[in-house]
Amino acid sequence: MKLPCDVAGKVDAICDAHGNNPGELINILHEAQHLMGYLPEEMQKLIAGKLNIPVSKVYGVVTFYAFFTMTAKGKYPISVCMGTACYVRGGEKLLDEFKRVLGIDVGETTPDGRFSLDCLRCVGACGLAPVVMIGDKVYGRLQPVDVRRILEDLDA
Amino acid sequence: MKILTIGDLRTVRSEAVKKLMLREQSDSTVSEGSSGLDTGTARMQVLVCGGTGCKASSSRLIGERLKERLTEKGIADRVDVITTGCFGFCEKGPVVKIIPDNTFYTQVTPDDADDIVNDHIIGGRRVERLLYVDPKTGQSVSDSKHIDFYRKQMRVALRNCGFIDPENIEEYIARDGYSALADSLLHRTPEEVIDEVKRSGLRGRGGGGFPTGVKWGFARKSVSDVKYVVCNADEGDPGAFMDRSIMEGDPHSIVEAMAVCGYSIGSSEGLVYIRAEYPLAIHRLKTAIGQAREYGLLGENILGTGFSFDIEIRYGAGAFVCGEETALIHSMEGKRGEPTMKPPFPAESGYLGKPTNVNNVETLANIPVILTRGAEWFSSIGTEKSKGTKVFALAGKINNVGLIEVPMGTTLREVIYDIGGGIKGGKKFKAVQTGGPSGGCLTEKHLDIPIDFDNLVAEGSMMGSGGMIVMDEDDCMVSVARFYLDFTVEESCGKCTPCRIGNKRLLETLNKITDGRGTEEDLKTLSTLGKVIKDTALCGLGQTSPNPVLSTLNHFHDEYLEHVRDRKCRARQCKALLTYFINPASCIGCHLCAKNCPADAIIGDVRKPHVINPDKCIKCGMCMARCRFKAISVS
């Protein structure tokens with residue numbers, strides 16, 4: 001897959017803004033991920049070239065940190081909180097229900113590109129546990145029976 | 001304005017103190033009556049919680065609505081709406097507090113803005129339905145000082161959270177902010193500052209509990225042209241949000257403490273390593289750094305003393321191991337966050353090979369107040385070897401979820417029953433996990449142990465950063481251990497074998513047990529393997545990762561035995577060990593369960609008792625949740 005021209009230009013600019021300094025790799029990746037919502041292979045190659053480091057090094061960092069992803073997120077990115085507070089209040093059952101209803105596993109996106117499913121560790125809204133984040137919105141005190149309704153509301 | 005001298009700081013403070021007077025005065029009194037503009041009150045303030053928890057429940061919209069209504073009524077000039085940091089009482093959020101009568105409104109929605117403005121702010125009558133109701137007495141309570149949740153708390157690190165506007169440096173200055181820095185720069189040598197911190201007995205709040213002053217002393221002694229001060233804000237314990245709340249509610253205390261630390265160890269560069277998952281904390285911290293620069297409290301030649309210091313922000317990217325200081329340093333260098341052997345300690349060779357002092361957020365938040373109120377004051381709080389207070393994120397099966405701060409030495413019973421309000425739904429307390437994935441479970445018999453660093457370690461747990469998850473009779477301890485191991489396996493950096501492979505084997509064994517395939521031999525394996533990992537792993541993450549398994553194995557051995565010997569899970573959590581069935585006497589044949597069963601495992605004619613086909617049942621529990629006649633049971 002080739003990167004769209006404007007994206008490639010922006011990646012270039014981001015690297016330049018950080019002085020093409022390999023020490024800034026994580027900050028560069030944060031900004032680069034913003035462009036397309038994920039870090040495709042081609043983008044990593046481009047960054048490696050700019051910083052004059054092996055692609056394996058960039059890939060090593062991308063795969064080490066949970067925040068970086070190499071798959072495109074859905075239109076509605078769903079993150080189920082798997083912090084301990086949510087876990088003891090039924091977070092896992094909630095996740096199972098999302099998996100079942102959407103027919104995808106954690107880290108995957110539905111074929112139509114609408115929904116992607118992920119886990120996250122603590123949003124800090126433990127008073128509302130169990131919590132699910134869809135985009136920027138936090139849904140609290142959810143039960144598995146609420147899952148279908150929420151997805152339908154989003155799609156409406 | 002630019003603060004160039006101590007005189008300038010005093011001028012700014014005396015002006016700012018006047019603005020904060022209304023809040024200070026009402027904070028020091030207990031209010032019985034309520035006030036309103038029509039009943040003779042000249043000025044009022046509305047404090048709206050702007051912490052992440054309350055924001056998730058649209059607290060920002062509450063603030064906007066209040067402002068709109070006040071403007072419509074033409075009284076916006078007499079009533080300020082102020083967004084503060086976290087009040088701590090997340091269970092009852094969003095929280096709104098009215099000054100000067102200290103009325104504490106809970107679970108407020110944007111639609112309540114009308115009543116708050118019309119009835120209370122103008123009319124001077126409290127909105128009764130928004131008041132907290134004490135579950136013990138059934139009476140509503142208007143002043144937070146009378147709420148059990150707050151009664152036993154002592155707010156030192158959280159002193160400004162929920163009180164000041166975190167995005168206003170002057171409110172921080174009014175609360176003696178930056179006076180510790182000014183005093184250190186003008187009247188104390190670096191050694192004297194370090195000595196004061198040492199005498200206070202402050203120990204690192206991030207997990208290990210190493211004496212902070214001693215750490216600073218090491219960094220001071222290292223000789224180098226450049227040294228670094230690092231604030232570890234990579235709060236990775238799932239279910240803990242102490243550091244985030246401090247950064248959101250009182251970011252200037254971190255900025256000030258880092259500058260003091262810089263002066264003490266001889267550094268002019270500070271770095272905050274913060275999780276990218278904390279957008280609000282990042283925003284508040286950036287704002288605070290920007291304001292401190294603007295006021296001349298960061299930058300070149302601070303207060304004309306020749307001391308220069310500035311702070312940069314570095315982002316974490318979601319790796320629990322980066323809470324370990326050597327891993328954190330590698331991550332700041334743009335590398336994979338893998339830990340390295342100590343020594344050399346960061347105090348000798350840290351960021352870019354230079355001496356580096358790493359402190360946790362809560363540790364730093366204590367520094368300014370130790371210096372302004374003195375080491376003696378601080379060390380008078382707490383136990384013999386653990387001084388001061390500790391912030392805990394209280395969560396799980398407890399009535400009052402929230403952020404609390406108590407003196408060291410408070411018992412678990414006081415925390416869980418007095419402050420936390422007991423177990424949710426009147427269930428029976430089973431265990432409390434402290435220290436997150438590195439800690440262990442404490443049980444009923446530990447309830448009266450005073451909480452401090454050493455007591456918790458002696459009982460097989462640890463203080464950790466302050467996560468405290470309460471569990472009740474419905475929680476399966478084997479599953480809880482598996483949950484934490486699952487986390488550790490995912491977060492292990494893979495550098496050393498004991499952690500990478502050992503924890504994986506521990507997790508597999510736990511999975512085997514919860515799947516109903518375990519043997520008594522497996523319990524022995526868990527115990528020996530766990531001890532080997534503790535003894536041989538490279539870093540703190542690996543060395544503590546078996547703790548949840550070992551401590552549950554120790555305190556809940558019977559429960560493990562039931563899983564492997566009787567194939568039973570008393571908490572009814574381990575799916576493989578459960579059978580769902582319908583009680584024919586209670587089932588009226590409404591067919592609702594069958595309609596909702598995702599596996600088509602329920603059969604039966606309408607108006608006749610249904611049955612579950614155990615071969616098809618996926619044990620999701622949907623039928624039980626949907627049944628209106630309590631006809632479905634699980635064994």
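Read-outs throughout are calculated quantities, based only on the coordinates presented, and are distinct from any laboratory measurement. Everything quoted here is computed from the prediction, not taken from an experiment. Using ideal geometry, Cβ is built from the backbone for each residue, glycine included, and neighbour counts are taken over all protein chains shown.
Figures for the structure shown
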{"read-out": "Dimensionless Rg ratio for region B:337-448, taking C-alpha atoms and the 2.2 N^0.38 Å reference", "value": "1.38"}
{"read-out": "Over region A:1-98: Kirkwood hydrodynamic radius from C-alpha pairwise inverse distances, Å", "value": "14.9"}
{"read-out": "Candidate aspartates and glutamates - alpha carbon under 17 Å from B:K342, same-chain residues fewer than 8 apart omitted", "value": "B:E324, B:E325, B:D535"}
{"read-out": "Gyration tensor (alpha-carbon) shape descriptor, region B:457-549, a/c threshold 1.5", "value": "oblate"}
{"read-out": "Fewest-first ranking of B:I121, A:I150, using other Cβ atoms within 10 Å as the exposure measure", "value": "A:I150, B:I121"}
{"read-out": "Intensity falloff of chain B expressed as log10 I(q)/I(0), Debye formula with alpha-carbon point scatterers, at q = 0.05, 0.09, 0.12 Å⁻¹", "value": "-0.26, -0.81, -1.27"}
{"read-out": "Cα-based shape type of region B:44-87, given that a ≥ b ≥ c are square roots of the gyration tensor eigenvalues and the cut on a/c is 1.5", "value": "oblate"}
{"read-out": "Amide H contacts of B:G466 (H built 1.01 Å from N, under 5 Å, at least 5 apart or other chain)", "value": "B:G435"}
{"read-out": "Mean projected area (nm²) of the alpha-carbon convex hull when the protein assembly as shown is viewed from all directions", "value": "35.6"}
{"read-out": "Dimensionless Rg ratio for region B:444-493, taking C-alpha atoms and the 2.2 N^0.38 Å reference", "value": "1.33"}
{"read-out": "Simple Cβ-charge dipole of the protein assembly as shown, Lys/Arg +1 and Asp/Glu -1, about Cα centre, in debye nearest 20", "value": "1640"}
{"read-out": "Backbone HN-Hα couplings from phi across region B:425-438 [Karplus 6.51/-1.76/1.60, Hz, Gly and Pro as x]", "value": "x, x, 6, 8, 5, 10, 7, 10, 9, 10, x, x, x, 9"}
{"read-out": "Per-residue ³J(HN,Hα) for region B:54-62, Karplus 6.51 cos²θ - 1.76 cosθ + 1.60, θ = phi - 60°, Hz, x for Gly and Pro", "value": "6, 5, 5, 9, 6, 6, 5, 5, 4"}
{"read-out": "For region A:45-156: Kirkwood Rh in Å [reciprocal of mean 1/r, alpha carbons]", "value": "15.2"}
{"read-out": "Label-point separation, B:K428 to B:T109 (7 Å along Cα→Cβ), nm", "value": "3.8"}
{"read-out": "Among B:293-302, B:513-522, the order from most to least packed when residues are scored by Cβ within 10 Å on average", "value": "B:293-302, B:513-522"}
{"read-out": "Approximate shape of region B:170-252 as ellipsoid semi-axes (Cα gyration tensor, √5λ), whole Å, largest first", "value": "24, 20, 13"}
{"read-out": "Cross-link partners of A:K57 among aspartates and glutamates (Cα-Cα below 16 Å; sequence separation of 8 or more within a chain)", "value": "A:E24, A:E41, A:E42, B:E333, B:E338"}
{"read-out": "Student exercise, chain B dipole from Lys, Arg, Asp, Glu Cβ charges, in Debye to nearest 20", "value": "1560"}
{"read-out": "Links that overshoot a 25 Å alpha carbon limit, given the list B:K512/B:K568; B:K387/B:K428; B:K19/B:K73; B:K221/B:K390; B:K335/B:K495", "value": "B:K387/B:K428; B:K221/B:K390"}
{"read-out": "Expected-Rg normalisation [2.2 N^0.38 Å, Cα atoms] applied to region B:274-386", "value": "1.27"}
{"read-out": "Convex hull volume per residue in cubic angstrom - Cα atoms of region B:208-255", "value": "106"}
{"read-out": "Nonlocal amide H pairs with A:L120, under 5 Å, H built at 1.01 Å", "value": "A:V80, A:C81, A:M82"}
{"read-out": "Residues whose placed amide H lies under 5 Å from that of B:R125, excluding near-sequence neighbours", "value": "B:H120"}
{"read-out": "Assigned charges on the beta-carbon of Lys, Arg, Asp, Glu; region B:392-514 dipole about Cα centre (debye)", "value": "520"}
